[in-house]
Amino acid sequence: MIRQKTKSVLVIVLLLLGFASVAQAEVLKPFVLGTTPSSFENPLKDPGSMEDVVEYTKAHLTGQGFTVVGSYMPYPNATVICASHPELSAAAAKATNGGFGAAQRVAVTEVNGKLQISYMNPAYLGTAYGLGKLESISAKLEAALGREQEFGAEGVKEEKLGPGQYHYQMLMPYFDDIDVLNTYPDYETGVKTVEANLAAGRGGTVKVYRIDLPGKEISVFGVGITQGDGPDSGDKDTDKEVMAIIDFQEIRSTAYLPYELMVQGNQAIALRGRYRIAVHFPDTSMAGEHGFTKIMSSPGGIKNALEAVAGK
């Protein structure tokens, strides 16, 4: 009888531990809404123009140890700022293909006459790309830009988000399913090729930034696609075309942009478009006005643009 009671107690304890584990499973969201300043020196003034808020954002990032490596306007009323940080670069250098997460993306977007500051959630992207939770980076961003709320999805459980774990649905790519855009004789040739093609605007692209990872033959380029293949291609590949379909909520996810092209050793690689879009917009439906079927040509068009930059 005592043995039976002991077994019963053990079962109850195990069940309670199981429930506790489920309760503690963290759910992460892709983006964070920062605090848009209500004024800049005088509380009686309005928040200022897009340019004012962009400069405010850059200054506050710098104040927390970030280096602003580039910015651009992918379309009217939106500015994306990209920054590096030694801790982020170190984490990226340690992870397989971690360079895809080497840039912290921050956006200032005007929506219905009001400005929003938002940024990629380091815990979300760090988990997805194998860099870890990046708690220190999150703390610095909160100190610089505030943290009103996470947004962009109902959330993805941490254990289902990491490399080799997250995919939108069956037959969709994982983080590790990269596109090899081109192969070169060596790393230096690859970097020079990408730099030259970005300067020439190949594939309808613009260079946003370049980050070289410490101690590695790895350079990450931020690539904006402002013109794409052109109107005759039929691809919805430009930043504006893609975001007009999938970024329609009241709080905008502009910090999805730009795309990353990485020269790693003697190869130029990129995340597959279907994975990258899905991991940033995991709640997007397959069909409907804002569904993936509306941008079926986008992954191919994005790849074409990045291949042009890689010199293929």
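The values are calculated or read from the model by the stated rules, or taken from the named source; none is laboratory data. The structure displayed is predicted, hence computed values, not measured ones. A quick note on method: Cβ atoms are made from the backbone with ideal geometry, for glycine too, and the neighbour counts reach across all protein chains shown. To get the accessible areas, we keep the full protein, side chains included, count just its heavy atoms, and leave off ligands, DNA and RNA. Shrake-Rupley method; radii C 1.70, N 1.55, O 1.52, S 1.80 Å.
Counting only lysines at least 8 places from residue 192 when in the same chain, those with an alpha carbon closer than 22 Å to its own are 207, 216, 303, 312. Local charge for residue 99 was computed over the other residues whose Cβ lies under 15 Å away, with Lys and Arg +1 and Asp and Glu -1, and equals -1. If you fit an axis through the alpha-carbon atoms of helix 50-63 and take the longest principal axis of the Cα set of the chain, what angle between them do you get, 0 to 90°, nearest 10? With both axes taken from Cα atoms, the answer is about 60 degrees. Protection proxy ranking of 279-290, 297-308, 70-81, by the mean of other Cβ atoms within 10 Å over each peptide's residues and highest first, is 297-308, 70-81, 279-290. Net length available on complete extension from residue 240 to residue 159 is 25.9 nm, with 0.36 nm assigned per residue and the Cα-Cα distance removed.
Label sites at residue 94 and residue 249, each approximated as a point 7 angstrom past Cα along Cα to Cβ, lie 3.1 nm apart. Charges were assigned to the Cβ only: +1 to each Lys and Arg, -1 to each Asp and Glu. The resulting dipole of the chain about its Cα centre is roughly 1000 debye. Each Lys or Arg adds one and each Asp or Glu takes one away; over the other residues whose Cβ falls under 13 Å from the Cβ of residue 151, this sums to -3.
Placing dummy labels 7 Å off each Cα toward the beta-carbon, the span from residue 188 to residue 286 is 5.0 nm. For the chain, the relative contact order is 20 percent, taking Cα pairs closer than 8 Å that sit 6 or more residues apart in sequence and dividing their mean separation by the residue count.
Tell me, what % of the accessible area of the chain is carbon and sulfur with a 1.4 angstrom probe?
C and S fraction of accessible area: 53 percent.
Computed about its Cα centre, the charge dipole of the stretch 83-230 is approximately 260 debye, with only Lys, Arg, Asp and Glu carrying charge at their Cβ. Computed from the Cβ-Cβ distance with R0 of 51 Å, the FRET efficiency linking residue 139 to residue 232 stands at 0.60. Counting only DSSP H runs of at least 4 residues, each contributing -39500 (n - 2.57), and dividing by the residue count of the chain, the helix-based mean residue ellipticity at 222 nm comes to -10500 deg cm²/dmol. Taken about its Cα centre, the stretch 94-166 carries a charge dipole of roughly 200 debye when the Cβ of each Lys and Arg holds +1 and the Cβ of each Asp and Glu holds -1.
Using every pair of alpha-carbon atoms in the stretch 195-312, split the distances into 10 Å bins beginning at 0 and state the percent of pairs per bin, rounded to integers. Reading upward from the zero bin: 13, 46, 31, 10, 1. To the nearest 10 degrees, how steeply does helix 135-145 sit against the main Cα axis of the chain, on a 0 to 90 scale? That helix lies at roughly 60 degrees to the long axis. Binning the C-alpha pair distances of the stretch 212-258 at 10 Å intervals from 0 yields a P(r) profile of 22, 37, 26, 14, 1 %, listed from the shortest bin outward.
In this simple spin-label model, placing a label point 7 Å from the Cα along the Cα-to-Cβ direction at both residue 49 and residue 114 gives a separation of 2.3 nm. Computed packing ranks the peptides 259-268, 150-159 as 259-268, 150-159, most packed first, by mean other Cβ atoms within 10 Å. Full extension of the chain segment joining residue 170 with residue 297 gains 43.8 nm, where the gain is 0.36 nm per residue of separation less the Cα-Cα distance.
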